[in-house]
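The values are calculated or read from the model by the stated rules, or taken from the named source; none is laboratory data. The shown structure was predicted, so the numbers you read here are calculated from the model rather than taken from an experiment. For neighbour counting, all protein chains shown are included, and Cβ atoms are generated from backbone atoms with ideal geometry for every residue, glycine included. Side chains are part of the model used for accessible areas, which takes the heavy atoms of the whole protein and leaves out ligands, DNA and RNA. Shrake-Rupley method; radii C 1.70, N 1.55, O 1.52, S 1.80 Å.
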Amino acid sequence: MSRDYTRRDVLEIGARAVAMAGLGGFGTLLAVKAHAGDAWWIDPDKCINSRLGTAGAETCQSCATECVLTLSAIRAVNEFSKCGRCYVCPAYFDIHSAAGPDGLPSKKLCPRDAIERLPIGWIDPEDPANNFYEYVIDEALCNGCGLCVMGCKEPAGLGSVRLEVNHDVCLDCNRCSISTACPEDAYARLST
Ligand code: SF4
Ligand code: SF4
Ligand code: SF4
């Protein structure tokens, strides 16, 4: 069942979004939209790709394929405050691919190579597992396919990656075609 969001819900969600580190402009934009009028929002507790407890489920790609825009308005975002900055990130690497000469999985998970792996601080060559990395998603490349979101779910990841509507490009269609296709009723239209 869809939930009707009140102005209070919108403002609370907007405030939370603004407070989140690593969301680029999305959090601020969501808050601005929330004040200015209606905006579509994805509930991470309902999205099959991010919802915990759905291990083994197939990745849902409807966010990438159903948007009216050629490059979907949906993007993956990494909430850095939750990210473990893992040496072997299951959202970045295809952890089922064979190990390369460096011992890391030889393939990346993202089909659009939209995730950057940036070392944080000094790198210990003796103990690779002692090193930490920042995983940054390029919103110009990401199409919201959800593969990395599914990969980051516990227990392999910490669930720090989720899908969000990029309000920079979303047309705010009155009837979002993704919301119609979404198998989990994860889309809500926030009204002020
Ligand atoms: S949602 Fe898909 S395209 Fe975007 S970063 Fe994740 S795997 Fe890559
Ligand atoms: S409202 Fe329209 S432009 Fe925005 S995500 Fe949905 S289909 Fe795409
Ligand atoms: S269509 Fe719904 S379940 Fe599928 S990825 Fe988008 S929000 Fe998640």
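The table below lists the values:
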| item | result |
| --- | --- |
| Relative packing of peptides 150-158, 181-189, 122-130 - highest average C-beta neighbours within 10 Å first | 150-158, 181-189, 122-130 |
| Debye, to nearest 20: dipole size of segment 64-192, +1 on Lys, Arg Cβ, -1 on Asp, Glu Cβ | 320 |
| Heavy atoms of Asp168 accessible to a 1.4 Å probe, total area in Å² rounded to 10 | 100 |
| Stretch gain in nm, segment Lys82-Ala129, where the contour uses 0.36 nm per residue and the Cα spacing is subtracted | 15.1 nm |
| Length gained when the stretch Glu116-Lys46 is fully extended (0.36 nm per residue, less Cα-Cα span) | 22.5 nm |
| Amide H contacts of Val161 (H built 1.01 Å from N, under 5 Å, at least 5 apart or other chain) | Glu79 |
| Global form of segment 138-192, assessed from the alpha-carbon gyration tensor, a/c cut-off 1.5 | prolate |
| Amide H partners (placed H, <5 Å) of Lys108, local residues excluded | Asp94 |
